1. How many angstrom lie between the C-alpha centres of the stretch 1-72 and the stretch 194-208?
2. DSSP H helices in the chain with Cα extent of 27 Å or more along the helix axis and mean Kyte-Doolittle hydropathy at least 0.0?
3. Could you list L137, L38, L125, L23 in order of exposure, starting from the residue whose Cβ has the fewest other Cβ atoms within 10 Å?
4. Which value in deg cm²/dmol, rounded to the nearest 500, describes the helix-derived mean residue ellipticity at 222 nm for the chain, given -39,500 (n - 2.57) per DSSP H run of n ≥ 4 and division by the residue count?
5. If you place +1 on the Cβ of every Lys and Arg, -1 on the Cβ of every Asp and Glu, and leave all else neutral, what size is the dipole of the chain about its Cα centre, to the nearest 20 Debye?
6. What length, rounded to one decimal in nm, is gained on full extension from L134 through to M58, with 0.36 nm per residue of separation minus their alpha-carbon distance?
7. Given G133, L102, I182, which one lies farthest toward the positive end of the charge dipole of the stretch 102-225, if we put +1 on the Cβ of every Lys and Arg and -1 on the Cβ of every Asp and Glu?
8. By average Cβ neighbour count within 10 Å, what is the ranking of 75-83, 114-122 from highest down?
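The numbers here are math on the coordinates, done by the rules we state, and not lab data. Bear in mind that the values here come from a model prediction, so they are computed numbers and not experimental data. Neighbour counts run over all protein chains shown; Cβ positions are idealised from the backbone, glycine included.
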Amino acid sequence: MPGTHLVENLKNLFATVDIGTALMNSFIIAIITTFLTLLIGSLAGYGFEIYRTKGKDMVFNILLLSMMIPFAAIMIPLYRFFGQVSSVSPLIGIDTLAAAILPTIITAFFIFFFRQNTKMFAKELVEAGRIDGLSELGIFFRIYLPTMKTTYAAAAIIAFMNSWNNYLWPLVVLQSPENQTIPLLISNLGAGYTPDYGVIMTAIVIATLPTAIVFFLMQRHFVAGMMGSVKG
């Protein structure tokens with residue numbers, strides 16, 4: 001049950017901080033990141049599995065090794081890189097949403113995830129598409145993508161939740177209040193000398209709702225996609 005102070009906590013929350021802007025920033029970052037992650041990750045995973053080239057497995061193993069590097073180890077070089085980019089193109093430099101998106105749009109995990117699921121994809125469909133005169137991108141977008149809907153759904157949930165809950169990199173790169181995301185806003189609410197825990201918990205509930213809704217709407221596809229990855 002919501003308790004007896006829900007309305008009061010909501011009023012105090014909206015009076016204390018601009019939660020609407022923080023939610024909008026989080027939605028923009030999460031949606032763009034999820035879309036680019038699915039596109040790039042699936043293209044890479046599809047390419048690693050479908051095409052036979054020399055040195056493919058070596059490159060893939062190097063990508064997997066990159067999963068062992070903690071983000072904290074590359075955070076300072078990334079910040080210095082975007083600091084230099086700021087002088088050339090302020091639109092993707094420090095304190096922009098683009099800077100919060102670009103380093104997180106793809107990881108080795110998603111390439112691995114899509115490659116494992118592509119093992120379950122019927123290779124005969126690729127040959128049939130080539131015989132029918134489709135280009136390689138045509139085969140990908142018109143045959144592979146519709147066939148792997150459950151894989152995309154599972155990856156979309158993971159990517160959206162990771163981006164929505166991301167805290168460390170946005171904390172470093174987003175410096176102005178109008179660019180802060182919802183995790184940063186909640187952190188700032190608890191940083192005062194006398195934090196209002198009712199307001200903090202109300203903000204946490206609001207921040208949890210989008211990921212919960214996305215998961216419950218797509219949970220069947222999520223389970224099917226994860227099972228396909230395990231079988232692959």
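1. One Cα centre to the other: 23 Å.
2. Numbers: long enough: 19-50 (45 Å, 1.62); 197-231 (45 Å, 1.36).
Both cut-offs are met by 19-50, 197-231.
3. Result, fewest neighbours first: L137, L125, L23, L38.
4. Working: 12 runs with 166 residues, N = 232.
About -23000 deg cm²/dmol.
5. Once rounded to the nearest 20, the dipole reads 780 debye.
6. So the extension gain works out to 24.4 nm.
7. Among G133, L102, I182, the one farthest towards the positive end of the dipole of the stretch 102-225 is G133.
8. Most protected by this proxy first, the peptides run 114-122, 75-83.
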